Amino acid sequence: NKWSVLILTVLCSEPARFNAIKRRLDPITHKALTEALRRLERNGLVSRRVIASSPVAVEYAITPLGRTLQVPFVALVGWAREYGAAIEQAQAGYDAQRADEALA
């Protein structure tokens with residue numbers, strides 16, 4: 001899902017605790033982040049480490065398998081930067097056309 005890509009992007013630079021990930025990906029909900037992290041861990045893309053502290057903390061890190069996605073993600077981000085304006089123009093044209101059709 002959309003959050004998985006963003007979570008992996010956050011973890012590419014360094015491991016992070018749950019709340020740090022949540023702050024970086026605002027407005028993700030607690031539930032959505034939990035579910036996405038569990039899926040990523042199940043798929044072998046993220047590892048989870050419990051830190052014995054008070055209170056107990058959990059740190060997430062990208063695995064070697066997950067790191068193989070870094071090159072495609074960088075390419076995707078570059079593509080989005082290059083073509084973002086064209087996408088916004090297409091969206092505006094689509095929305096205008098739909099608005100015209102609704103008035104007709």
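Applying the criterion of being open to solvent by 100 Å² or more (accessible area, probe 1.4 Å) and hydrophobic (A, V, I, L, M, F, W, C) to the residues of the range 68-101, the residue that is nearest to A16 (Cα to Cα) is V71.
Take the conditions touching a Gly at 6+ places or on another chain (Cβ under 7 Å), open to solvent by 60 Å² or more (accessible area, probe 1.4 Å) and at negative phi and apply them to L65. Does it pass? Criteria met by L65. Residues in the range 6-33 that are of a type in the set (S, T, Y) and farther than 25 Å from P72 by Cβ: T29 only. Taking first residues from the range 10-32 that are under 19 Å from R67 (Cα atoms) and partners that are open to solvent by 90 Å² or more (accessible area, probe 1.4 Å) and part of a helix (DSSP H, G or I), the Cβ contacts under 8 Å between residues at least 6 apart in sequence or on separate chains come to V10/R24; C12/R67; A16/R24.
A quick yes/no check of all residues on (1) assigned to a helix (DSSP H, G or I); (2) modelled with pLDDT of 95 or more; (3) at negative phi:
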{"residue": "W3", "(1), (2), (3)": "yes, no, yes"}
{"residue": "K22", "(1), (2), (3)": "yes, yes, yes"}
{"residue": "A36", "(1), (2), (3)": "yes, yes, yes"}
{"residue": "G44", "(1), (2), (3)": "no, yes, no"}
{"residue": "R49", "(1), (2), (3)": "no, yes, yes"}
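Taking the range 15-52 as the range and being open to solvent by less than 90 Å² (accessible area, probe 1.4 Å) and of a type in the set (G, A, S) as the test, the residues that pass are A16, A20, A32, A36, G44, S47.
Report, by residue number, each residue of the range 46-75 that is without any contact (Cβ under 8 Å) to a residue 40 or more places away in the chain and either in contact with a helix residue (DSSP H, G or I) (Cβ under 6 Å, 6 or more places away or on another chain) or closer than 16 Å to V5 by Cα (or both). Within the range 46-75, V46, S47, R48, T63, P64, L65, T68, V71, P72, V74, A75 qualify.
Yes or no: the range 82-104 includes at least one residue that is of a type in the set (F, W, Y) and part of a helix (DSSP H, G or I). For the range 82-104, residues of a type in the set (F, W, Y) and part of a helix (DSSP H, G or I): present.
The values are calculated or read from the model by the stated rules, or taken from the named source; none is laboratory data. Fair warning: this is a prediction, and the values are worked out from it, not measured in the lab. For neighbour counting, all protein chains shown are included, and Cβ atoms are generated from backbone atoms with ideal geometry for every residue, glycine included. Side chains are part of the model used for accessible areas, which takes the heavy atoms of the whole protein and leaves out ligands, DNA and RNA. Shrake-Rupley method; radii C 1.70, N 1.55, O 1.52, S 1.80 Å.
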